[in-house]
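The values are calculated or read from the model by the stated rules, or taken from the named source; none is laboratory data. Values in this document were obtained by computation on a predicted structure and should not be read as measured data. We place every Cβ from the backbone using ideal geometry, glycine too, and count neighbours over all the protein chains shown. SASA here: full protein model, heavy atoms, side chains in, ligands and nucleic acids out. Shrake-Rupley method; radii C 1.70, N 1.55, O 1.52, S 1.80 Å.
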Amino acid sequence: MEHIMIKIKNYKGFFRILSIAKNEMDRRELVANCLDFLFITENDATIYPDQIKLTNEMSEVIELNKYNSFDVIEVWENGLVSRKYNDKSDDNYFFITGSCNSNCIMCPSPDFSRKNSKAVPLQELIELARHIPKDTPHLTITGGEPFMIGDRIFTFIEYLKTFFLNTEFLFLTNGRIFSIPRYVKLFSECAPAYSVVAIPIHGSCSKIHDAITRSSGSFNQTKFGITQLLRNNIAVELRLVTNKMNIDDFEKIAELIINDFSTVAYVSIIAMEMTGNARLNYKDVWIPYRETFQKIETAILKLLKAGIEVKLYNFPLCTISSSYWSISKQSISYEKIRYSNKCKKCKVKTECGGIFSGTKDLEESELEAII
Ligand code: SF4
């Protein structure tokens, strides 16, 4: 989701969450739903129901007009406006907290955000959800580790269940919390109908998994958590993030999944984004995408042969064999996608997800236009 941050010079109000209306019909719908909103015309932008002029400064109005009707924005006391929901995107998410109980060596977030992040207040999450159109197809719940906020998260999840009846929810978690039976029970009771819990497995054994999460006991907790979720008929996506420390273990990870977790919804194999911890620990974790693909191909075939769906994320198409393009997803967020000069003459550029902005310097020499 592209955030589009805008600074309004003369805003003197308080923090607030607003929907966007750009025409009379949308404005009427927001009024009928009792939502605070920003009405944007070609000449100005006004906050309703208060009828406060946010701006008539032309440069600011032009920027605000990049938003769509039914987008949701936050306006901060300092005049910073940030988009929290893009009605034209299926890549929207709720960020719960940057804190995490693991500290993965290849995490694309830096240590600082994990140690110093404050949780978003529950009321703010609910207010944001209240503004989001209830027919939105997909929403992700993410962090950090979103379940670090404890039981409070279930009040929020229950709200989602009550109001988003047809939306698909993806919960990104390290899964450790689900080794506690009470949390599995609470989640089973509160989760919206179309929920998937996405959990990473970093190795086939504690030695490798815990070395990557740098958290002793995390493998056993994650494994038990996955087992409990599956037993309770909760859809689970398993995520395998490729890196130098686990790349030679992929066949064993595939065997673990086939033997113990064969009922997972699907397995996602994810190429690294080289920012945050990953960049800091570059020497320990980086392995070029082409080499990565060669090393994981047998594991992919094993999973497919066992009837387990596999998806590939973040791999530029030219770094993998064309017979796997059909399982490769365009997964990089809009604002992080980069292409190289070589891509200009590539005939599959529109199908290719490109490369992460934070990985381009390491991977650019590997790219090769398909002609
Ligand atoms: S050359 Fe560029 S557009 Fe073509 S497959 Fe590679 S990364 Fe994608």
## Note on the structure
Restricting to lysines and to Cα separations under 17 Å from Lys207, and discarding same-chain partners fewer than 8 apart, the set is Lys223, Lys244, Lys252
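Normalised by the number of residues in region 93-313, what is the relative contact order in percent for Cα pairs under 8 Å and 6+ residues apart?
21 percent
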### Average projection area in nm² (convex hull over Cα atoms of region 6-85, one quarter of hull surface)
4.5 nm²
### Task
Place a +1 charge on the Cβ of each Lys and Arg in the chain and a -1 charge on the Cβ of each Asp and Glu, then give the dipole magnitude about the Cα centre in debye, rounded to the nearest 20.
620 debye
### Query
Using DSSP loop states and a limit of at most 12 other Cβ atoms within 10 Å to flag chymotrypsin sites (Phe, Trp or Tyr not before Pro), what is the longest stretch of the chain containing no flagged site?
16-371
### Summary
Inter-part gap, Cα centre of region 169-210 to Cα centre of region 303-341, in whole angstrom, is 24 Å
### Query
When ligands, DNA and RNA are left out and all protein chains stay put, how many square angstrom of accessible area per residue does the chain have with a 1.4 Å probe?
46 Å²
### Query
Want the number for Asn103 to Ser357: 0.36 nm per residue separation, take away the alpha-carbon distance, what's left?
89.2 nm
### Task
Could you pull out every one of the lysines with an alpha carbon less than 29 Å from that of Lys53, ignoring same-chain neighbours closer than 8 positions?
Lys7, Lys9, Lys12, Lys22, Lys66, Lys84, Lys88, Lys134
### Task
Rank Lys22, Lys344, Lys336 by mean-square fluctuation in a GNM of the chain with C-alpha springs under 10 angstrom and give only the top-ranked residue.
Lys344
#### Entry: Apportionment of accessible area to carbon and sulfur, the chain, percent (1.4 Å)
52 percent
### Query
Is the shape of region 194-324 rounded, prolate or oblate, going by the alpha carbon gyration tensor and its root eigenvalues a ≥ b ≥ c, with a/c under 1.5 for rounded and a/b larger than b/c for prolate?
oblate
